[in-house]
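Where a number appears in this text, it was derived from the coordinates with a stated rule and is not lab data. Not measured: the values here are computed from a predicted model. Heads up, the Cβs are rebuilt from the backbone with ideal geometry, glycines too, and the neighbour counts pull from every protein chain shown.
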Amino acid sequence: MSTLYLRRRVTNGFAMLLSVLATLVGLGFLAWILWETLRQGISALNLKLFTTITAYGADGGLSNAVVGSLIIDLIGIGIATPIGVLAGTWLAEYANRTKLGETIRFLNDILLSAPSIVMGLFVYTIIVLPSTALTHGNTSFSGFAGGVALALIALPVIVRTTDEMLRLVPSTLREAALSLGVPQWKLTVQILIRAARSGIITGVLLALARISGETAPLLFTAFGNNFMTINPMDKMASLPQIIYQYANDPGDEMHALAWAGAFVVTMFVLLLSLASRLILSRTKVSHD
Amino acid sequence: MSSQPGAVLAPLAEERKSRRDARHDRQFRWLVKFCALLVLASLLGAAAATLWGGRSAFSTFGWHFLVSTEWDPGNDVYGALVPIYGTIATSFIALLIAVPISFGVALYLSEVAPPWLRTPVASAIELLAGIPSIIYGMWGLFIFAPFFSAHIKPWLTNMLGNQPDDGKISWVAQHVPFVGKMFASSYPFGASILTAGIVLAIMIIPFIASVMREVFQTVPTRLKESAYALGSTTWEVSWDIVLPYTRSAVIGGIFLGLGRALGETMAVTFVLGNAMQLSASLLDPGASIASTIANQFGEAAGLQKSTLMALAFLLFVVTFIVLLIARLMLSRLAKREGS
């Protein structure tokens, strides 16, 4: 066996070992983070969490934050879904291969990873400041503003999946419908979007998973509220914001509550991504 | 339409119907185009809003803003260098750690792992990308920072720093420039620039790894098989065939991770220590642009608020440029693929 051959074999073995180690490191951190969230979260979990508001501090629960999160997330997804689906439709059906279409598609990809805190400041400038000025300070921060900030983060996710999913729809479907005299808007709404439906739903679920853990954009928009409110024009608590607040608190009971909140958020996000994965895998099978 | 009697009127009805369809088509086209333009508007709007909000900071401090380390809310004097340095340092450390690990993961998933293991491992790594950043922050604050401060930091200060506990300065700290200062710290807690860099690295590994894995899979099989047929090892195929073929996209993936790291707020805020000071040591606390905004915007007013807006504008522009480069590099491979 020549030394060159041996050296190449050793180098290869070493590189393969390192790549296995790198994977183990990645999986190890995943397991560590999930394990701690589960362990600390479950030990702090109790019914009071969902029945008591945060105004009681360490003796309270997180119910107003859970409700607030649901409302803000729903506002966000409710705004982002129609706009995102229509924008994705334009990219895929009307502007494919046009210059403006390519530009918007490209910028949308950039928006996917744009810093969320800047989006929070943007919404602060266009909604919180004007509403403070118009109502003489009666309405400043609001759950609605938080929802808009989250919508801006969800929007590029939905645009991109809609665009991709529509482009996967076979063009024979379009040609068949057009040759029957179906107007293009009807073709798009009733045939193409329906054909790509499960893919689009996946995108919406992924966007929901993405925004339900977002904290930074909510700090200056929804702000937070220690009391229960369902009025979207009111300051509103959200789980991530309460987690942030409680984790920075010196008290151990507050930390336990923060872990419980973290557990709830993580479970929600994981279930959503699991659901979207299931939907997508089922579609793939039916397409084949 | 069917209520119209007589055959003569039928073409008229037909025409009216098709005219109505055309009108609806036009309206629908405008509607979807308007929605797509909203995407553009949100990007431009975010830049414009932060620039507008930061105008008084920019006009008060001028170019000096970028190089000043002063941060004095009492006298209303602000400089951006500390958060800019913190942002760059943490992101750079994150890349330094995340790039080799991501490459290893991508290599394992595309070349090394047995096929039945690839999908589950890839899904698990992608799961890591789905965890909200605040969870990383909490884990970093309560679990990792104490662990770092108890086990890793003492080792680093003793082995590499110029202020070791036992007074014996190591060979590395004496002979390699800067290293001694970089790992010296009298700060007793786990929060530091290095800690934030490590947490960021864990966050961006799944992004970089999944891009790398995807582009590695675009390498034509015949290229790889030709190399294998000539007797190459798996490592040689990966390093000499796969990597050069996908180079631009790999760099794109790395920049994508960098863009994420620069703008990340929550994970960093928890473990950076939030000290508005410039320190040569990576083991000292610092501040990043995003963490400074998250910490101070709530209580800020006047010029301080404007300064934070100006910082947000800088962050937005820098991440935009980084992500622009990333997407351009990624699309280059896609073009060659003809997709």
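Annotations for the structure displayed:
- Checking B:A48, B:A113, B:A80 one by one, the residue that is in contact (Cβ under 8 Å) with a residue 40 or more places away in the chain and of a type outside the set (V, I, T) is B:A80 and no other.
- Output for region B:230-253, where each listed residue is crowded, with 24+ Cβ neighbours inside 10 Å and either more than 8 Å from chain A (Cβ to nearest Cβ) or of a type in the set (F, W, Y) (or both): B:V242, B:A249, B:V250, B:G252, B:G253
- Matching residues in region B:285-338 - criterion: being away from chain A (no Cβ under 11 Å) and either hydroxyl-bearing (S, T, Y) or not in a helix (DSSP H, G or I) (or both): B:P285, B:G286, B:A287, B:E299, B:A301, B:S306, B:T307, B:G338
- Annotation note: of B:V219, B:V250, the sole residue that is among the aliphatic types (A, V, I, L, M) and in a helix (DSSP H, G or I) is B:V250.
- Only one entry in A:T161, A:T215, A:T172 is without any contact (Cβ under 8 Å) to a residue 60 or more places away in the chain and surrounded by 23 or more Cβ atoms within 10 Å (Cβ to Cβ), namely A:T215.
- Highlighted here are the helices (runs of 4 or more DSSP H) found entirely within region A:1-114 that include at least 3 residues which are of a type in the set (F, W, Y) and facing another protein chain (nearest Cβ under 9 Å): A:3-43.
- Inspection of region B:143-156 identifies at least one residue that is on the phi < 0 side of the Ramachandran plot, facing another protein chain (nearest Cβ under 7 Å) and among the hydrophobic types (A, V, I, L, M, F, W, C).
- Test: residue in region A:140-159 that is closer than 25 Å to B:A47 by Cα and more than 21 Å from the chain's Cα centre (by Cα): yes
- Taking (1) more than 30 Å from A:T89 (Cα to Cα); (2) in a loop (DSSP other than H, G, I, E, B); (3) in contact (Cβ under 8 Å) with a residue 40 or more places away in the chain in turn, A:P250 satisfies each apart from (3).
- For B:A13, the requirement of being small (G, A, S), in a helix (DSSP H, G or I), more than 7 Å from chain A (Cβ to nearest Cβ) and farther than 17 Å from B:L314 by Cα is met.
- Filter result (of a type in the set (K, R) and within 16 Å of B:P285 (Cα to Cα)) within region B:138-194: B:K153, B:K181
- As for region B:180-197, it holds at least one residue that is crowded, with 22+ Cβ neighbours inside 10 Å, within 14 Å of another protein chain (Cβ to nearest Cβ), assigned to a loop (DSSP other than H, G, I, E, B) and in contact with a Gly (Cβ under 8 Å, 6 or more places away or on another chain).
- Only one of B:I135, B:I125 that is in contact with a Pro (Cβ under 9 Å, 6 or more places away or on another chain) and either assigned to a helix (DSSP H, G or I) or over 18 Å from B:I205 (Cβ atoms) (or both): B:I125
- From the options B:F92, B:F103, residue that is under 22 Å from the mean Cα position of the chain (by Cα), away from chain A (no Cβ under 14 Å) and either without any contact (Cβ under 8 Å) to a residue 24 or more places away in the chain or more than 20 Å from A:L121 (Cβ to Cβ) (or both): B:F92
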